[in-house]
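Let me begin by presenting the structure, written as structure tokens, before commenting on it.
The values are calculated or read from the model by the stated rules, or taken from the named source; none is laboratory data. Owing to the predicted nature of the structure, the values given are computational and were not obtained by experimental measurement. When we count neighbours, we look across all protein chains shown, and the Cβ atoms used for this are built from the backbone with ideal geometry, even at glycine. With ligands, DNA and RNA removed, areas are computed over all heavy atoms of the protein, side chains included. Shrake-Rupley method; radii C 1.70, N 1.55, O 1.52, S 1.80 Å.
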Amino acid sequence: MTGMQKDQGPDAVFAAKLAEGVFEIQKCNGCGAHVFHPRVICPACGSADLGWVAPTGRGTIYARTIVRRKPERGGDYNVVLVDLEEGVRMMARVDGIAHDEIAAGLQVSASIAEGANGEPAVVFRPERGAS
Amino acid sequence: MSLRGKAAIVGAALAGCGEAHGKSAMEITVEAVHGALTDAGVSLGDVDAIATCQPLDMLSGLTLAQELGLNPKFTMNNRMGGSSFLSHTLWAAMLLELRLADTVLICYGSNQRTASGKLMTALGLPTYEAPYKPLFPLSSYALAADRHMTQFGTTREQLADVAVAARAWAQKNPEAFIRDPLTREDVIASRLVSDPLRVRDCCLVTDGGGAIVMRRAEAAKDHPKPPVYLLGGGEGTTHRDISEMPDLTVTGAAQSGASAMGMAGVKPADIDVVQLYDAFTINVILFLEDLGFCKKGEGGAFVENGGIAPGGHLPVNTNGGGLSCVHPGMYGIFTLVEAVRQLRGEAGDRQIAGAELALAHGNGGVLSSQVTNILGTESTL
């Protein structure tokens with residue numbers, strides 16, 4: 001499966017997989033680089049031969065912020081950047097831990113839950129074995 | 001062929017800064033245009049190229065031509081956010097040097113404070129960030145600040161000192177929007193919005209506009225005010241969305257600054273006065289490092305305890321910046337106007353004595369686009 005399909009672009013493919021409970025990222029068959037967000041051509045080498053692979057799901061927090069929101073409007077929530085083991089970074093949130101215990105370096109693992117608008121979204125939880 | 005010293009700013013003006021009740025963004029823009037043309041002693045009909053970028057009007061270059069009754073040879077509407085205007089100066093210099101145009105107008109205006117009370121933007125959250133609801137654009141800068149603190153030990157106090165310095169400069173500028181005293185403790189006690197950034201780490205929401213007029217250097221002395229020459233310029237674009245920024249502690253200013261200073265033939269130690277786009281306090285620390293005023297990771301120490309305040313080792317944002325003077329959404333044009341005033345010796349109580357070389361730096365998106373201009377007086381040619 002390459003990035004230049006006749007039917008769907010890589011954004012739609014990613015979303016369809018996520019809706020089925022599958023979190024996959026792209027891997028370039030030209031240079032071997034992993035790619036996220038989903039793209040038509042590899043930003044490392046320019047190849048259009050991108051396939052889909054399942055990441056290990058393990059990652060490390062690179063940066064985090066806590067958005068402060070009044071309790072009556074839903075309360076505080078965290079927003080993080082996670083570096084996946086495959087070498088790509090993504091925005092996400094971390095569930096299952098107090099916001100102020102999230103810090104750069106925290107080891108996390110991915111699962112699929114609901115995003116802000118009820119859509120399927122990749123979220124992370126602390127790796128209990130590691131922390 | 002170099003653009004060094006080939007074009008000059010011969011007119012500059014602000015309009016509607018603070019609150020401009022009952023005025024549209026384009027009306028504020030045109031007021032600034034009128035001021036800049038008057039300052040330059042240039043007739044409207046002499047303008048043969050225009051450049052603008054307005055937040056909500058995708059075709060703002062066309063709107064501007066219509067509003068001014070012009071049929072310009074070139075209409076520039078390149079959109080990179082708040083850095084756009086410092087890119088417009090480079091394109092203007094190219095048009096002038098190639099004799100494709102003789103008089104270029106660059107302008108901006110916004111009524112976001114009186115129209116909405118918050119940042120007005122046509123941008124929505126990016127696809128791969130929307131599920132996590134980061135505040136746009138604040139949480140992006142908060143993530144950069146968090147990373148800088150983690151990686152280099154930059155402190156909450158050092159971030160605060162950027163805002164304190166801006167306020168101290170604003171107190172010397174009668175046109176600044178907020179001139180009340182501000183202490184480090186005030187900043188740290190202000191409301192937390194997106195950790196580690198607090199309200200006083202954030203730029204103002206004001207109305208305001210600015211405009212400049214550029215001509216070829218050979219014609220620049222035909223105008224009433226001393227010309228301010230464009231000695232160098234450069235750009236850097238590293239990403240659009242913060243989740244795609246390769247390293248949150250290194251901005252495209254490292255590239256844009258090196259290009260601009262290389263063209264100008266100057267180094268950071270030569271610069272007399274610095275105008276940086278301070279959308280948030282962390283910006284100033286990042287840009288001072290990336291532009292080479294201090295080493296990477298040492299920006300916090302550089303700004304600490306009044307380092308960039310009046311009387312400090314480097315005058316930065318002498319108008320009070322976006323943090324305390326004016327911030328109508330895309331601040332870039334204001335870095336240019338303040339640099340012009342400093343180099344003309346028109347800056348009143350905040351004038352840097354003998355200023356000959358200025359650096360103006362614009363930021364667009366979420367640390368995404370960086371554009372640097374080096375400006376100088378005739379003595380620097």
(Q) Just to be sure I understand the interface: list residues from the range B:187-206 that lose 50 Å² or more of accessible area between the chain on its own and the complete protein assembly, 1.4 Å probe. (A) B:Asp195
Q) In degrees, nearest 10, range 0 to 90: what is the angle between the Cα axis of helix B:138-152 and the longest Cα principal axis of chain B? A) 60
Q) Of A:Trp52, B:Trp91, which has the most accessible area with a 1.4 Å probe, and how do the rest follow in descending order? A) B:Trp91, A:Trp52
Q: Can you work out the accessible area per residue across the range A:10-53, with the rest of the protein chains kept in place, probe 1.4 Å, in square angstrom?
A: 43
**Q.** Alpha-carbon Rg with Dmax, taken over the range A:58-126, Å
**A.** 11.8, 39
(Q) Given all pairs of different Cα atoms, what value in angstroms does the Kirkwood hydrodynamic radius of the range A:28-101 take? (A) 14.4
(Q) Do any residues of the range B:237-276 show a loss of at least 30 square angstrom of accessible area between the isolated chain and the full protein assembly, using a 1.4 Å probe, and if so which? (A) B:Ser243, B:Glu244, B:Leu248
Q: Springs between alpha-carbon atoms under 10 Å, Gaussian network over chain B: tell me which of B:Ala220, B:Ala264, B:Ala65 tops the mean-square fluctuations.
A: B:Ala65
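For the protein assembly as shown, give the percent of accessible area contributed by carbon and sulfur heavy atoms, probe 1.4 Å, rounded to a whole number.
51
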Q. Which residues, if any, in the range A:56-80 have at least 10 Å² less accessible area in the whole protein complex than in the isolated chain, probe 1.4 Å?
A. A:Tyr62, A:Ala63, A:Arg64, A:Thr65, A:Ile66, A:Val67, A:Arg68, A:Arg69, A:Tyr77, A:Val79
**Q.** Choice from B:Ala115, B:Ala92, B:Ala309 with maximal GNM fluctuation in chain B (Cα, 10 Å cutoff)
**A.** B:Ala115
Q. Which value results when the Cα radius of gyration for the range B:180-277 is divided by 2.2 N^0.38 Å?
A. 1.51
Q: Using only Cα atoms, find the angle between the long axis of helix A:10-19 and the longest principal axis of chain A, and express it within 0 to 90 degrees, rounded to the nearest 10.
A: 50
Q: Under 13 Å from a label point 7 Å along Cα→Cβ of B:Ile188: give me every residue in the range B:279-323 with its amide N that close.
A: B:305
Q | Within chain B, helix-based [θ] at 222 nm, where runs of 4 or more DSSP H residues each add -39,500 (n - 2.57), nearest 500 | A | -9500 deg cm²/dmol
Q) So what's the back-of-envelope 222 nm ellipticity for chain A, counting only DSSP H runs of four-plus at -39500 (n - 2.57) apiece and dividing by all residues, rounded to 500? A) -2000 deg cm²/dmol
Q. Starting at 0 and stepping by 5 Å, how many percent of the alpha carbon pairs of the range B:36-109 end up in each bin?
A. 3, 17, 29, 26, 19, 6, 0
Q: Along Cα→Cβ, 7 Å out, is where each label goes; now give me the distance between the ones at B:Val199 and B:Thr237 in nm to one decimal.
A: 3.7
Q | Overall dimensions of chain A by Cα: Rg and Dmax, Å | A | 16.0, 51
Q: Collect residues whose amide H, placed 1.01 Å from N in the peptide plane, falls under 5 Å from the amide H of B:Val193; neighbours closer than 5 in sequence don't count.
A: B:Arg198, B:Val199
Q. If you take the Cα Rg of chain B and divide it by 2.2 N^0.38 Å, with N the number of residues, what do you get?
A. 0.90
Q. Taking the range B:99-193, how much of its Cα-Cα pair set, in percent, is spaced more than 19 angstrom apart?
A. 66
Q. Taking N as the number of residues in the range B:93-155, what is its alpha-carbon radius of gyration divided by 2.2 N^0.38 Å?
A. 1.84
Q. Looking only at Cα atoms, what is the convex hull volume of the protein assembly as shown per residue, in Å³?
A. 158
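Probe radius 1.4 Å, ligands and nucleic acids left out: which of B:Met330, B:Met1 has the largest accessible area, and how do the rest follow?
The ranking, largest first, comes out as B:Met1, B:Met330.
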Q: Compute log10 of I(q)/I(0) for the range B:223-321 with the Debye formula, placing one identical point scatterer on every Cα and leaving out solvent, at q = 0.13, 0.20, 0.22, 0.23 Å⁻¹, to two decimals.
A: -0.50, -1.10, -1.26, -1.34
Q. Averaged per residue, what accessible surface does the range B:68-139 expose to a 1.4 Å probe, in Å²?
A. 40
Q.
From the alpha carbon gyration tensor of the range B:290-381, can you work out the equivalent ellipsoid semi-axes (sqrt of 5 times each eigenvalue) and give them in Å, largest to smallest?
A. 20, 17, 15
Q. Helix B:25-40 versus the longest principal axis of chain B: what angle, 0 to 90°, nearest 10, using Cα atoms?
A. 60
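If I take every Cα pair under 8 Å that is 6 or more residues apart in chain B, average their sequence separation and divide by the length, what percent do I get for the relative contact order?
The value is 26 percent.
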(Q) Summing both sides, how much accessible area is buried between B and A? Use a 1.4 Å probe and give Å² to the nearest 100. (A) 2400
(Q) Please compute, for the alpha-carbon atoms of the range A:10-53, the extent along each of the three principal axes and give them in descending order in Å. (A) 30, 15, 13
